[in-house]
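Have a look at the structure below, then the notes.
The values are calculated or read from the model by the stated rules, or taken from the named source; none is laboratory data. Predicted model, so just to flag it, every value in this text is computed and none were measured. Heads up, the Cβs are rebuilt from the backbone with ideal geometry, glycines too, and the neighbour counts pull from every protein chain shown. Note: areas computed on protein heavy atoms with side chains; ligands, DNA, RNA excluded. Shrake-Rupley method; radii C 1.70, N 1.55, O 1.52, S 1.80 Å.
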Number of protein chains: 2
Amino acid sequence: MATARPRIYFFSRIDSAQTWRDALAAQLGDDGFDWIVGPACAAPDEVDIALMYNLPPDGLLAFRHLRAVLSLSAGINQFDCTRIPHGVPLARSVDSSLAQHMVGYAKAAVYRYHRRFHRYERDSRASVWQFELPRPNARTAIGLLGLGELGSAVACALAADAFEVHGWSRTPRDLPGVRCHAGAEGITQMAGAVDMLINLLPLTAETHGILSSKLFDRLRPGSFVINMGRGGHLVEADLLAALSVGRVEAATLDVAAVEPLPAGHPFWAHPGILITPHVAGITSANTAAVQIAENVRRAMRGEVLLNQIDLERGY
Amino acid sequence: MATARPRIYFFSRIDSAQTWRDALAAQLGDDGFDWIVGPACAAPDEVDIALMYNLPPDGLLAFRHLRAVLSLSAGINQFDCTRIPHGVPLARSVDSSLAQHMVGYAKAAVYRYHRRFHRYERDSRASVWQFELPRPNARTAIGLLGLGELGSAVACALAADAFEVHGWSRTPRDLPGVRCHAGAEGITQMAGAVDMLINLLPLTAETHGILSSKLFDRLRPGSFVINMGRGGHLVEADLLAALSVGRVEAATLDVAAVEPLPAGHPFWAHPGILITPHVAGITSANTAAVQIAENVRRAMRGEVLLNQIDLERGY
């Protein structure tokens, strides 16, 4: 039935169900769809659309009449496709504004450390006038972990600002103006060559816990860490240890293992840690909802989706 | 005598005499020159070179055997040339790295407000996780006061980052990607059209006190002010008043009427004010000393100076 009211099942451990419901309501109308927030689902075989960042713990095999699986993110590498009913079309979310938002966040964090605003913030409250000679951009080296669509955009933007930019990816890449490293040796090589480390990797079994003592121990003393990936990339105790010995001078964390970061967490009030509430790319709901609403309509009419995934190629 | 040891008289209300002495010593040798720090000077007619940002209160007419007046800045509009002995050659200081430093400082201040890091800094200390949807760069409008060499560089760099950029100058200018305003009407017009105001004007009799209630009253509520010019541009009480009513949400001040900013000054510890210790372009001593040392040598040999000023043209 092309005119049926779509039943949408939503699940994400990192995105706000309310934000996405509101963004979709602006496109489909407040009464234009049913909205079930997972992980629990009373009648999975009545669900038309699964809208998710990651799969719910029980997978989607009980959702036998799905018309589409729509990813909240630009990739589907967080999905185990064997746990999705065979033959259901998948689409990723393409948000043209996301790369610019990530670049802007990276610049806010990078320039804050590069020009020592993080120190002047404290000095301003303590009536201290003490300057450090600023370094030319070319003498601050920045390493990107992850050179996918977003990591590459950040790397190229910082290179255009004349910083010395390094990038690491699992398999070798080639980007103009970026010193590219790859593989297990490449990551430790890059860590020893940079002043700031920015994580933009996807969260997979291989990248889980990659921001650990093993990596921090390779950094130059007084380095900076910026996590724009996922909370699961970071071994929290290892960061606190690296901060306590000055291996890491300061860290900016946009993501946490549990969000919001719980009250009483040692990251709160740590003078070396700036917490930002998952805002590096948060506008995706507002702009991506246009495309997702269109895919809801297409799925209900049985049409090919926008940005439909070719499972053979994997993207 | 071409081989005489030059006697250099230094005066600036804003630059550190020690920093400049050290920078020149690296070029001319520790014992390569005599160094007199003004305003007082016991034997003005024995001075060969005056190195200054601004004139000392009594002018330079008593310095009857000057071979050169070297400006610490890129301009000489802070000099009253009638108070300098007639016929002494003047040179300005050209520091190729200065524009990049000013652009980097402007980006640090702009992105901090644009991406709300100034709020997250406070929230991190108060265990508050509260996000604001970031705006696309194109929806933050930034106004530059001053479109000289440095103001233009900042304006063009922010326009390249997709911000909406406005610029104001006394006489009309035309810059690609920048909405240019001019004259007395233009400045109030621009103030009403922007979210952030960056001052990069030279300090002259006309621009003294230009950052005043008259201008602040035209800003949209919740605007941001960034002063990268001189302390004399700002009417301090007017900024405090604008902050107290929320007309200005926050201000970043790299310069002050008296530097270092005195203990007990109300700007210290004001939660809406970030003080930076005159670092937007501070590296000029290190890089500019090369050219200044060469001009000291040329002046002692009676040669034409690098970047000598043509007083007819004024630059």
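The 3J(HN,Hα) values that the Karplus relation (6.51, -1.76, 1.60; θ = phi - 60°) gives for segment B:263-275 are, in residue order, 4, x, 5, x, 5, 4, 6, 6, x, x, 10, 9, 9 Hz. Gly and Pro appear as x. Across the copies of the chain, A:A162 has label points (7 Å from Cα along Cα→Cβ) spaced 2.4 nm apart, shortest distance listed first. Here the protein assembly as shown is treated with +1 on each Lys and Arg Cβ and -1 on each Asp and Glu Cβ, and its dipole about the Cα centre works out to around 80 debye. When the charge dipole of chain A is built from unit charges on Cβ atoms (+1 for Lys and Arg, -1 for Asp and Glu) and taken about the Cα centre, the candidate among A:P89, A:C180, A:L306 whose Cα reaches farthest toward its positive end is A:C180. Interface residues of segment A:130-149, defined as a loss of at least 50 Å² in heavy-atom accessible area between the chain alone and the complex of all protein chains with a 1.4 Å probe, are A:F131, A:L133, A:P134. In terms of its alpha-carbon gyration tensor, segment B:206-308 comes out prolate; a/c meets the 1.5 threshold, and the first ratio a/b outweighs b/c. The residue list A:T171, A:P260, A:A23 was ranked by how far each Cα lies along the charge dipole of chain A toward its positive end, using unit charges on Cβ atoms, and A:T171 comes out on top.
Label point 7 Å out from B:R135 along Cα-to-Cβ: which residues of segment A:120-158 have amide N under 16 Å? Hits in segment A:120-158 for B:R135 at 16 Å: none. Along the charge dipole of chain A, pointing to its positive end and built from +1/-1 on Cβ of Lys, Arg, Asp and Glu, which listed residue (A:P134, A:L201, A:A43) has its Cα farthest out? Value: A:P134.
Please report, ordered by residue number, every helix of chain A (full DSSP H runs) that is 15 Å or longer along its axis going by C-alpha atoms and whose mean Kyte-Doolittle hydropathy reaches -1.0. What comes out of the filter, once short or polar helices are dropped, is A:17-28, A:96-114, A:149-160, A:284-300. Can you pull the one-decimal nm distance between simple spin-label points at B:S16 and A:A17, each 7 Å off the Cα toward Cβ? Distance between label points: 5.7 nm. By definition, a body whose alpha carbon gyration tensor gives a ≥ b ≥ c is oblate when a/c is 1.5 or more and a/b is not larger than b/c, and segment B:123-265 fits this oblate description. In nanometers and ordered shortest first, the copy-to-copy spacing of the B:R220 label point, defined 7 Å from Cα toward Cβ, is 4.0.
Relative to the other identical copies, A:A138 shows label-point distances of 3.4 nm, where the label point lies 7 Å from Cα along the Cβ direction and values run shortest first.
What part of the accessible area of chain B, given as a whole %, is carbon or sulfur when the probe is 1.4 angstrom?
Numbers: 6880 of 13210 Å².
That fraction is 52 percent.
Counting, for every residue in A:16-27, the Cβ atoms of other protein chains within 10 Å of its Cβ and taking the mean gives 0. In chain B, the DSSP-assigned H stretches of four residues or longer account for a calculated mean residue ellipticity at 222 nm of -8500 deg cm²/dmol, using -39500 (n - 2.57) per stretch and the full residue count as denominator.
Taking the Cα centre of chain B as reference, the dipole from Cβ charges on Lys and Arg (+1) and Asp and Glu (-1) amounts to some 640 debye.
Quick one: buried accessible area between A and B, total over both chains, 1.4 angstrom probe, nearest 100 Å²? Provide the component values of the computation, followed by the final result.
Numbers: alone 15440 and 15390 Å², together 26470 Å².
Interface area, both chains combined: 4400 Å², rounded to the nearest 100.
Please give me the summed charge of the neighbours of B:P277: other residues whose Cβ is under 13 Å from its Cβ, Lys and Arg +1, Asp and Glu -1. Computed value for this residue: -2. Label-to-label distance, A:V94 versus A:A257, with points set 7 angstrom from Cα along the beta-carbon direction: 3.7 nm.
In the context of the full protein assembly, A:R220 retains an accessible surface of approximately 90 Å², using a probe radius of 1.4 Å and ignoring ligands and nucleic acids.
Taking the Cα centre of segment A:1-129 as origin and assigning +1 to Lys and Arg Cβ atoms and -1 to Asp and Glu Cβ atoms, the resulting dipole is close to 860 debye.
Can you give me the accessible area per residue for the protein assembly as shown, using a 1.4 Å probe, in Å²?
Values: 26470 Å² over 630 residues.
Normalised by residue count, the accessible surface of the protein assembly as shown is 42 Å².
Using R0 = 35 Å, the C-beta based FRET efficiency linking B:C81 and B:R122 works out to 0.10.
Once you list every other residue whose beta carbon is under 13 Å from the beta carbon of B:A43, what net charge do they have if Lys and Arg are +1 and Asp and Glu are -1? Mind dumping the intermediate values first?
On the way: positive: B:R7, B:R64; negative: B:D34, B:D45, B:E46, B:D48.
That works out to -2.
Ignore the peptide's own chain and count Cβ atoms of other chains within 10 Å of each Cβ in A:255-263; give me the average, rounded. Mind dumping the intermediate values first?
Numbers: counts 0, 1, 0, 0, 1, 5, 4, 2, 3.
Taking the mean over all residues of the peptide, I get 2.
Ordered by solvent-accessible area of protein heavy atoms (1.4 Å probe), largest first, the residues A:E46, A:E132, A:E149 come out as A:E149, A:E46, A:E132.
All other residues whose Cβ lies under 12 angstrom from that of A:A257 are scored, Lys and Arg at +1 and Asp and Glu at -1, for a net of 0.
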